[in-house]
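Just below is one structure, and these are the notes that go with it.
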Amino acid sequence: MKLGYVSRVHPRDHYNHVILSIIGYKPRDFAAQINLNTSNMWGIVKSIVDICMKLNEGKYVLVKDPAKPQIRIYKVPADAFENDYVEEPLPVQ
């Protein structure tokens, strides 16, 4: 599993972002790190899948608000992220 950390290029510009880092985790290690209750995790996944199945066909992004216990789903263009895959970490500038 890989997580990407993203930030705005400028605090007032909500259109342009930069990838800060991408970190890979083993699912069990990540679950332990965030104190995931494995007894109800499949119920959470099922709830998210049920919501997604009600959406029109398309490409969506699931985003967790870092400041709130809230998840948002955004529809994005079909070609979004096609050229964004990074095999190696980006060099620090």
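The values are calculated or read from the model by the stated rules, or taken from the named source; none is laboratory data. Just so it is clear, the structure is predicted and the values come from calculations on it, not from any experiment. Here the Cβ is made from the backbone with ideal geometry for all residues, glycine too, and neighbour counts use every protein chain on show.
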Original post:
Which of the residues that make up the stretch 50-83 are on the phi > 0 side of the Ramachandran plot and modelled with pLDDT of 90 or more?
Top reply: 58
Original post:
For the stretch 21-31, which residues satisfy the criterion of being assigned to a strand (DSSP E or B) and surrounded by 10 or more Cβ atoms within 10 Å (Cβ to Cβ)?
Top reply: 21, 22, 23
Original post:
residue 92 fails exactly one of the following numbered conditions: (1) assigned to a helix (DSSP H, G or I); (2) modelled with pLDDT under 90; (3) surrounded by fewer than 10 Cβ atoms within 10 Å (Cβ to Cβ). What is the number of that condition?
Top reply: (1)
Subject >> Pairs with Cβ under 7 Å, 6+ apart, first in the stretch 48-75 and within 22 Å of residue 4 (Cα to Cα), second exposed (fewer than 10 other Cβ atoms within 10 Å of the Cβ) and of a type in the set (Asp, Glu) >> reply: 72/65
**OP:** Go over the candidates 18, 86 one by one and state the one that is in contact with a strand residue (DSSP E or B) (Cβ under 9 Å, 6 or more places away or on another chain), among the aliphatic types (A, V, I, L, M), surrounded by 10 or more Cβ atoms within 10 Å (Cβ to Cβ) and at pLDDT 90 or above.
**Re:** 18
**OP:** Look through 36, 3 and report the one residue that is surrounded by 10 or more Cβ atoms within 10 Å (Cβ to Cβ) and touching a strand residue (DSSP E or B) at 6+ places or on another chain (Cβ under 6 Å).
**Re:** 3
